[in-house]
Amino acid sequence: MKFAHIADMHFDTAFTSLENKKELGNLRRLEQRDVFKKMIEEIKQREISYLFIAGDLYEQQFIKETTIEYINQLFKEIPNTKIYITPGNHDPYLANSYYAQYKWSSNVHIFKNKIEKVETEEADIYGVGFSDFYSESLGIEEIKNLNPNKINIAIVHGTIDGSEKVTALYNPISRKKIEEAGFDYVALGHIHKKSDEKETKVVYPGSMISFGFDELRRTWNNNRRNFEK
C-alpha cells in the first residue's frame, strides 16, 4: 500500500509574533495553504491510496470556515485517496467543531475519542482523537490481538516517551508498549520535529512549515511510504 503521513499543519494559527509586521502573519497563512496544495498535487500525481493526518490540522480557536472549505475542496480533488484524520489537542473533536458540524468529502474519515478500527482490503487502521484540548491517555498503546495477516497501522496525536511533567495532559505514549502491540506503522503527530531517519515504525513526520526560528525548514517529501506485508 502507498500512503502519505502528515501532522501539525495548524491552519489559521495566529502567528502572534508576526501579526504586527506588515501582514507577515497573513502571508504565512497563505504559505500554509500553498504547501498543503502542493502535497495534494503530489498525492494525485503519485496515485497514493491513503493520507494519514495525525492531528492539529487546524487551530480550533482561530479557524475560519473559508479555510475549512479550501481544505475540503482539495480533499475532493483526490477522491481515490482515503483520508484518515485523528484530531489533536489544537483541533479536538468537539460538538461545535468543524469535524462534527461540517460536511466533509466522502473520502474523509475522522476518528473520535474512542479507539476505532477501520478494515480495508490492505490494512487494519486504528485511530483515536482528542475530545478536549487535553488528554491524559487515549489508550492506543493498550490495543492487543492485531491481525498478523494484515498491515496494522495506528494514527494518533501524542508524545512518545516524554517527561511526565511535559506530557501528562498531551496523551503520553510508551514506545515500548506501542511497539509490543505489534503495529507495522504508527503515524504520530504533536512533535514538530521529524523522527530520526532510522525510525521506520513509530514516526513523527514533522510539521510541513516552520512555526518559529527554533524549527528548521520542514518538508513532507520523506513522509511517503510504500508498504507491503
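From 70, 126, 102, which residue is aromatic (Phe, Trp, Tyr) and either touching a residue at least 60 places away in the same chain (Cβ under 8 Å) or in contact with a strand residue (DSSP E or B) (Cβ under 7 Å, 6 or more places away or on another chain) (or both)?
Exactly one of 70, 126, 102 is aromatic (Phe, Trp, Tyr) and either touching a residue at least 60 places away in the same chain (Cβ under 8 Å) or in contact with a strand residue (DSSP E or B) (Cβ under 7 Å, 6 or more places away or on another chain) (or both), namely 126.
Of (1) over 22 Å from residue 178 (Cβ atoms); (2) buried (at least 18 other Cβ atoms within 10 Å of the Cβ), residue 127 satisfies all except one. Which?
With (1) over 22 Å from residue 178 (Cβ atoms); (2) buried (at least 18 other Cβ atoms within 10 Å of the Cβ) applied to residue 127, the lone miss is (1).
I need the helices (runs of 4 or more DSSP H) fully contained in region 85-193, keeping only those with at least 2 residues that are at pLDDT below 95.
164-167, 175-181
Of everything in region 44-84 that's of a type in the set (Phe, Trp, Tyr) and at pLDDT 95 or above, which residue is nearest to residue 11 (Cα to Cα)? Break it down stepwise before answering.
First, pick out the residues of region 44-84 that are of a type in the set (Phe, Trp, Tyr): 50, 52, 58, 62, 70, 75, 84.
Filter once more, keeping what is at pLDDT 95 or above: 50, 52, 58, 70, 75, 84.
Numbers: 50: 21, 52: 16, 58: 4, 70: 11, 75: 15, 84: 17 Å.
In this case the residue turns out to be 58.
Any chance you could count how many residues in region 58-93 are under 22 Å from residue 136 (Cβ atoms) and over 17 Å from the mean Cα position of the chain (by Cα)?
1
Filter region 54-101 for residues that are surrounded by 15 or more Cβ atoms within 10 Å (Cβ to Cβ), of a type in the set (S, T, N, Q) and more than 23 Å from residue 205 (Cα to Cα) and give the result.
97
Any residue that is in contact with a helix residue (DSSP H, G or I) (Cβ under 8 Å, 6 or more places away or on another chain) and aromatic (Phe, Trp, Tyr) - is there at least one of those in region 119-127?
yes
For region 135-154, state whether one or more residues are touching a residue at least 60 places away in the same chain (Cβ under 8 Å) and under 16 Å from residue 8 (Cα atoms).
no
I'd like the full set of residues that are farther than 18 Å from residue 200 by Cα and either among the hydrophobic types (A, V, I, L, M, F, W, C) or buried (at least 23 other Cβ atoms within 10 Å of the Cβ) (or both), limited to region 130-158.
Residues satisfying the conditions are 130, 133, 138, 140, 143, 146.
The values are calculated or read from the model by the stated rules, or taken from the named source; none is laboratory data. In this text the structure is predicted, and so the values were computed from the model without any measurement. Cβ: placed from backbone, ideal geometry, glycine included. Neighbour counts: every protein chain shown.
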